[in-house]
Every structure is written in C-alpha cells, then in structure tokens.
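The next block holds one structure in the form of structure tokens; read it before the comments.
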Amino acid sequence: MTEHDIGREFRELRDTPPGDRASWLRRAFPEGAPAQWWTGMLEIVETRCSPARPAPAAERLATLEFAAQLLDLARRSGGLSNCQAGNWMMRLSVLALRHVPPLDGLPDEFTPDGAVRFTLDHLPLSRETALDAARRAHEGRLHEPGEPIRPGQRPTGETALLNEMRWVLPSLEWLVDRLGDDALRRAAREWLDLLPRL
C-alpha cells in the first residue's frame, strides 16, 4: 500500500456517511483491515491536527470527530485492540493540548480524562492478574515446558495481554498531571507506580 493509497482511502472513508463506513470497510477489506492500515489512517489524523499545520479549528475538530469514529470501527472490527485504541486516544489528546488557543468541543475520547478513563477501563488484566503473570514471566513459567518455540512465534493468551499493558501503561505519564478527576489521577498513578513490577 502506498502513501497515495492511504490518503485516498482516508478521504473516501471520511466522505462516506458515518452509518455506511462499516460497509465501506467490509468492501475494501473483506478479511479485515490490518493494524498497519489503521495506524496509517490515524497518522494522517495526527498530521492534519498538528498545531504546526495551519488549519481552522473547525477542520481540526471535524478530523478528530472522524478519528473517534475510526477508533470505534477499528475496535469493533478487531483491527486494533483496546490497548492500541487507548494509546491513540492519549496520543491525540496530547496533540490537542498543544493547540493555542485550546480546541473547544473535543470529542471526549481526546480529552485527558476521557482518553485515560477509556484506557484504564479497558485494560485486559486486573492489577492482581497482571502482577501474577509478571511474576511467572520473571520465573520463566509462562512457556509450557516441552512445547516448541518457533522462530517468529508471538506470545499468546495472558502473556500477550501483559505485553500490551506493558506497552500502553507508560503513555499514562503524558496526561496524568492534566487530569481533572482526582480519583482517575490516583488510579493512573497507581498503575504507573506498578509498572516496574510488570
């Protein structure tokens, strides 16, 4: 897929009425759009919403509204995991915070509280389960003894979920000091404090 293709597909999907976007995706990707395609689409959002790029606030907000729908479609279709979607929400929230004057009317997904709340609400493992999985990983017990490990084999099950959490949780640091909800800030800090043990 070329950069031109992804730009054309971005415009086509954006210009498709919201209720028809899932159908557009099924036609374009009968077997499901890969994670790399979703990443390419969201990188276009990032570029279009960059404070370094001149654009009216209304255009930026419309692009972020589209991005919120993209993330919902990506999650529902299995193109991105909840952790990947949460990371994009936090990433775009940080980008939105860089605008002067601030962007009014942001989709909730791209406010600091909305992005962090989504991420914490959709973590695949509880603290206790994540700590137990991490302890077993450090002891080398996540691999079933006697089972072959093939080159390029990726972790599955609890190991894969723990790896996703290890990947997304550091992003909380970007927004934790910008959270308005005290309980949410405490919860984010608790996860950040737990990271060294994962």
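The values are calculated or read from the model by the stated rules, or taken from the named source; none is laboratory data. Small disclaimer: the values here were computed from a predicted structure and weren't measured. Here Cβ is always computed from backbone atoms with ideal geometry, including for glycine, and neighbour counts include all displayed protein chains. What goes into the accessible areas is simple: the full protein's heavy atoms, side chains included, and nothing from ligands, DNA or RNA. Shrake-Rupley method; radii C 1.70, N 1.55, O 1.52, S 1.80 Å.
Just a few scattered comments:
- Hits in region 1-54 - residues which are among the aliphatic types (A, V, I, L, M) and under 14 Å from Arg76 (Cα atoms): Ala22, Leu25, Ala33, Ala35
- Answer from Gly79, Gly140 - the residue that is among the small types (Gly, Ala, Ser), under 21 Å from Trp167 (Cα atoms) and more than 14 Å from the chain's Cα centre (by Cα): Gly140
- Positions within region 178-198 being touching a helix residue (DSSP H, G or I) at 6+ places or on another chain (Cβ under 9 Å) and either among the hydrophobic types (A, V, I, L, M, F, W, C) or open to solvent by less than 20 Å² (accessible area, probe 1.4 Å) (or both), in sequence order: Leu179, Leu184, Ala187, Ala188, Trp191, Leu192, Leu194, Leu195, Leu198
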